[in-house]
1. Just give me the residues in the range 374-386 being open to solvent by 10 Å² or more (accessible area, probe 1.4 Å) and either β-branched (Val, Ile, Thr) or more than 18 Å from residue 236 (Cα to Cα) (or both), in sequence order.
2. Before we move on, is residue 218 at pLDDT 90 or above and either charged (D, E, K, R) or in contact with a helix residue (DSSP H, G or I) (Cβ under 8 Å, 6 or more places away or on another chain) (or both)?
3. Looking only at the range 111-141, which residues are open to solvent by less than 10 Å² (accessible area, probe 1.4 Å) and touching a Lys or Arg at 6+ places or on another chain (Cβ under 7 Å)?
4. For the range 363-370, state whether one or more residues are open to solvent by less than 40 Å² (accessible area, probe 1.4 Å), within 19 Å of the chain's Cα centre (by Cα), aliphatic (A, V, I, L, M) and at pLDDT 75 or above.
5. Only one of these is under 27 Å from the mean Cα position of the chain (by Cα), open to solvent by less than 40 Å² (accessible area, probe 1.4 Å) and over 28 Å from residue 71 (Cα atoms): 389, 394. Name it.
6. So residue 395 clears everything in (1) more than 22 Å from residue 311 (Cβ to Cβ); (2) at pLDDT 75 or above; (3) in a helix (DSSP H, G or I) except one condition, right? Which one?
7. Residue by residue through the range 433-448, note down the ones that are without any contact (Cβ under 8 Å) to a residue 60 or more places away in the chain, surrounded by fewer than 16 Cβ atoms within 10 Å (Cβ to Cβ) and either of a type outside the set (Val, Ile, Thr) or in contact with a strand residue (DSSP E or B) (Cβ under 7 Å, 6 or more places away or on another chain) (or both).
8. What do you reckon, is residue 101 assigned to a loop (DSSP other than H, G, I, E, B), small (Gly, Ala, Ser) and either open to solvent by 20 Å² or more (accessible area, probe 1.4 Å) or closer than 19 Å to residue 230 by Cα (or both)?
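The values are calculated or read from the model by the stated rules, or taken from the named source; none is laboratory data. Model, not experiment: these values are computed from the prediction. Cβ placement follows ideal geometry from the backbone for every residue including glycine, while neighbour counts extend to all protein chains displayed. Accessible surface areas use protein heavy atoms only, side chains included; no ligands, DNA or RNA. Shrake-Rupley method; radii C 1.70, N 1.55, O 1.52, S 1.80 Å.
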Amino acid sequence: MAPHKDNVSAADPEGAIETRGIEPVPDHERRGRVRELFPTWVAANISVLLLTMGAALVVFNQLNFWQVLIVAACAALASFGLVGVVSVSGKWGGAPGAMLSRATFGVRGNLFPGSILWVARFGWETINAVTGAYAVLTVLDLVFGIKSNTVLIVVTLFAFVACTFLVSGMGRKALNVCNKWSTYLFGVFSVLVLGYLVVHMKWGEVFSKPAGSTAMMIAGIGTIAAGGISWVPTGPDFARYFPHSVSGKKIAGVTVSGAALVMVPMVLMGGVMAVATPDLAKAQDPVSFLGDILPTWLAVPYLITAIVGMLLINSLSMYSAGFTAQTMGVKLPRAMAVSINAVISLVGGALLMLVASSFLGSFITFLILLAVSFSAWIGVYAVDMARRRRRAVRYDAEALMNTGPTSRYWYSGGFCWQAMTAWTVALLAGIAFTKCDWFSGPLAGTFVGKYGLGWAATIAISALVMALLPTPRENEAGAAAVPAPREEQQEKVTV
């Protein structure tokens, strides 16, 4: 019996629209450059939500200026450091993270963590779509005096999601071009906003604010880092076109620097704005406050560039979500598989804008749960990466596409029981440490729970359990030996 393989579309690497799906990229098509990652991770953080989150650090966590700066820097380093490290596996295997995860969990076992990550991504895309729609509504109000209403909310949300679907469906090349120019534009207007704040803010009030507790600082790092952690499983998606010779350290460095360039100043700006406008962190609409703090001549172009940025964030997310859908068994080309996420974002966004009583409360709760769900995957995958770095065979392209019993990654009945055990234990532990608006876990009152370290504990538990269990044995009899390229054998990347 011939092994079952995923149904994938033919690839046209030179076309404007990317048609390659989840199948690994062959070596002769690996022409990507690490510098492409810089605008990618800058664009992935162009969101006014970072301003709201920075304000929350001041209003709710009671942190001062210097503490907000430390929290933002630590969150960027921790979250996107993980993104950068895991991204290295993309150039090892030339495949999306959701696909490489088959080698970790088994071709069937991968469906379980994959389904949870897919659902979590629905929520993230919904939050971004709502924020983008609010930004459009604010611009319409500032420029034309058009006030928000139910019909306008639905139309605006639909237009934003439709644009997101269009850009993400075009693929990697289109995203790289859009990311590059949005980085330039947003950078220019961000400097203008910073200049305006420097001149007009009452800095005496800003620097006279007393320091908050260490516990609130640590909890704040987890909250800010949660957004970055959600990108970890998709990191390989943007590194799969890199040649084997590319430096893993450079991948990680560019990833962190691109994200930090936006995260740190925006979170800090939000904290500074909150001193003058304490209600910023409590507003139902997380965007309209910019019209009150900034003059119209600056608020409007800044919001327009932010709208483009949030559209790109969702496009990057939907781009990767298409791969996840294909890995989960959706028999559609990647561009069409993205439509599932688009529809769910539209429905979920309408509910959040028209029904939910508190945007920020829903958002913070979602971030907490998001961090836990992704953290359980990260620990297991990281240990598996560390083991593969020492092997002659890192990822077998044919075995990744083979979902039958002859696959190298079939393990036992299609499941790697070690990875599944570590992931399950860590996921349950992470939920037990969690406290949010919806529920409180039985361990939420412990040190880990009080300090908001559930995400870090989840990563540590999943990695520890995976490391202590016997090393999984791949089905080498069913796959040809594929030695790692010489460049990879000589690589000095620490994972």
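1. 383
2. The answer is no for residue 218.
3. none
4. yes
5. 394
6. Unmet condition: (3).
7. Residues satisfying the conditions are 439, 440, 442, 445, 447.
8. no
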